[in-house]
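Read-outs: derived from the displayed coordinates by stated rules, not from any lab. This is a predicted model, so every value here is computed, not measured. Methodologically, a virtual Cβ is constructed for each residue, glycine included, from the backbone with ideal geometry; neighbour enumeration extends over all protein chains shown.
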Amino acid sequence: MIRLLKVGGKTLGEWFAVTSICLAFGLTAIQTNWLWRFDGVIYDIGLDALQRPPDDDIVIVAIDDRSLAEIGRWPWRRGVHAGLLAQLERQGARVIAFDIILHEPAPNDVGGDVALAHAMAAQGSVILPVTHASYAARSDREGLPDERFAAAAAGLGHIHIELDPDGIARSVYLWEGMGFPQHPQLALAALAIERPDIAVGYPRPERETGESSDGWLRAGWMRIPFSGPPGTFRYVSYVDVLRGEVPDSLLRNAVVFVGSTAVGMGDMVPTPTSGHAGLMPGVEVHANVLGALRHGDIVTNAPAWVTALLTSLSILCLMGAMLRTRPRASLLALIGFIVVVLAGAWVALALARFWVPPAAALFAGIAGYPLWNWRRLEASRRYFDVELDALRAASDGSLARDARRSGYGLDSFVDHVAVLRDAVSKQRELQRSREETMHFLSHDLRAPLASIVTALEARAGKPGDDPELLARIDRSARAALGLAENLVRLVRAEGVDPLQFAELGLEMLVQDAADEVWALAHAKRLRLRTEIPSEGDVIDFGVFGDADLLRRAILNLLTNAIKYTPEGGCVTVSLRADEGRWAVDVEDSGIGIAEDQQAQLFQRFSRLQTEENRTLDGIGLGLLMVRTVAERHGGEVSVRSKPGEGSTFTLHLPAQRAASV
């Protein structure tokens, strides 16, 4: 596999470049608020999932279609409103937020105005609205109630609802006014009468000495945590209250919002929770604001520097993960990144009412994934180009001619794939030819060598023969026969197909190999110990592999240990668990191996140049076969040794526990 990651090299520089692009994108998006629409959608989803139930003592008296049908067309006489206020007073309403504009006296209903002002003064806790009058596109003046009504009211509050650029109402300003933000929001004005101890927590801005400004000014911006879709708060019809048909228990000590909900009459706005329920009347928006102010349920926007810091850290974490992972793991890291960023934003909103806009981090991270993987593809392509050029050169142009004949010449990348496919096909043919040649060669070698050994055994002890000559011939023939056998095993190990592996018990293979070399150890007067944990200690030493190759690898280690251990010594084979793998240790008390020679042990036809090796058989294929078997099974082999202190060879194999055991 191509290793793309080289710390301190070109790859790390490219990683810094991609990361810098993502960071620049994210920070610019925060600074310019490019992604406000996506942040709004994410906020709406989180808010919709975190709704709290409305307060039972907040009631909306709705000027609905049924009231218009029974009382008459709008505007109604002021005496009708006076009757409503009188009825609410009798039923014990605590505060009345009268969301009906009363800027001018009624020219034909002076008596009604007097009655309404008297009803307001008698009730003692009526809040009237202040509007923002404008001329063309410019602020003109404050729309205050008529002096008679303003004097009778307990307080004034503005009724402006802030709309985001997408036309959705998500927030209000707690203080607004012409030249100075002096008027509280309608709900805050009601709270100042109902719960002044809570209202002091939302103080009016201080006016500095000599401060004078023109235009409509605002302060105390807050997001509205809506309790639900339109209709969540308790509604009663205006005409039902006027007739006394609403139970006293519903209105006693309640904060009542009086406002229009009839189609085509009132101020209806879309909210994050509207959905298919339709627009929300402005009077219910004010009710939501009161509920939030009561409970201190104010959503605070994170400062820009906090958002920038969290965005930068999240992008760095994602890019750091992608630096050290493969493409599939990088995709999983990106998915995890998206989930964590979204969940983090919603958790902060739910638990701390703290809103950190996540869109900049999300889009920067999503952009980083294709950028980084494009860089990987470019690196892979450069590597393939170099290798394919080498293949073309080695093939004397035959691969290139085959690719042109395939008809893919118009696309260079497809052309590269065609060349690679042809090269792989030829490589497989060469591998198959090599294996067949080695099998034939080993067979042709083994047959005559076996015949020579048999003939020498038959001639042994007959008169007229030179015993020393026969012994030398026998040793040479047996060595050549061993070479052929080792070559066969090595070729088989190199060509083994992992798809043919079966589940095996490693403890049985270790025991079989130990039993096979017992006679050899006994003949040399060595102690052979086998240490395998009992079933009570380990359930199963399961591996996937080829039983014959694994047994032969363990057997080669044991044979080497016996060969290099002097008489009277000890050879121990043990099986243990090692961090998710199985380890087969073969320890001897032999001559040991110098550290500078250990790197030569697992190379082809490599034997250590020592005095002891000159008197021992071998051609250097046994340990190479062990290494090949280990690598084909996803493991490795290692050695620990010091001269004069013996050696320990360890075969590591991936563990596979059997589910049925």
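Within the shell of other residues whose beta carbon sits under 10 angstrom from the beta carbon of residue 637, the net charge comes to -1, with Lys and Arg scored +1 and Asp and Glu -1.
Here residue 103 and residue 338 are evaluated by their C-beta separation; at R0 = 51 Å the FRET efficiency comes out at 0.50. Distant-in-sequence amide contacts of residue 97, defined by a placed amide H-H separation under 5 Å and a gap of 5 or more residues or a different chain, comprise 127, 256, 257, 258. Just how far, in whole angstrom, is region 507-566 from region 213-265 if you go by their alpha carbon centroids? Comparing the Cα centres of region 213-265 and region 507-566, I get a distance of 86 Å. Fully extending the segment from residue 28 to residue 639, taken as 0.36 nm per residue of separation minus the present Cα-Cα distance, adds 214.4 nm. Taking θ as phi - 60° and the Karplus parameters 6.51, -1.76 and 1.60, the scalar couplings of region 189-202 work out to 5, 5, 5, 5, 8, 6, 9, x, 5, 7, 4, 5, x, 10 Hz in sequence order, x denoting glycine and proline.
Derived scalar couplings between HN and Hα for region 103-108 equal 6, 10, x, 7, x, 10 Hz in order, rounded to whole Hz, by the Karplus curve 6.51 cos²θ - 1.76 cosθ + 1.60 (θ = phi - 60°), x for Gly and Pro. Going by neighbour counts of Cβ atoms within 10 Å, the residues 647, 330 line up, fewest first, as 330, 647. Counting neighbouring Cβ atoms within 10 Å and putting the fewest first, the residues 524, 642 line up as 642, 524.
Residue exposure proxy: 322, 508, ordered by other Cβ atoms within 10 angstrom of their Cβ from fewest to most, comes out as 508, 322.
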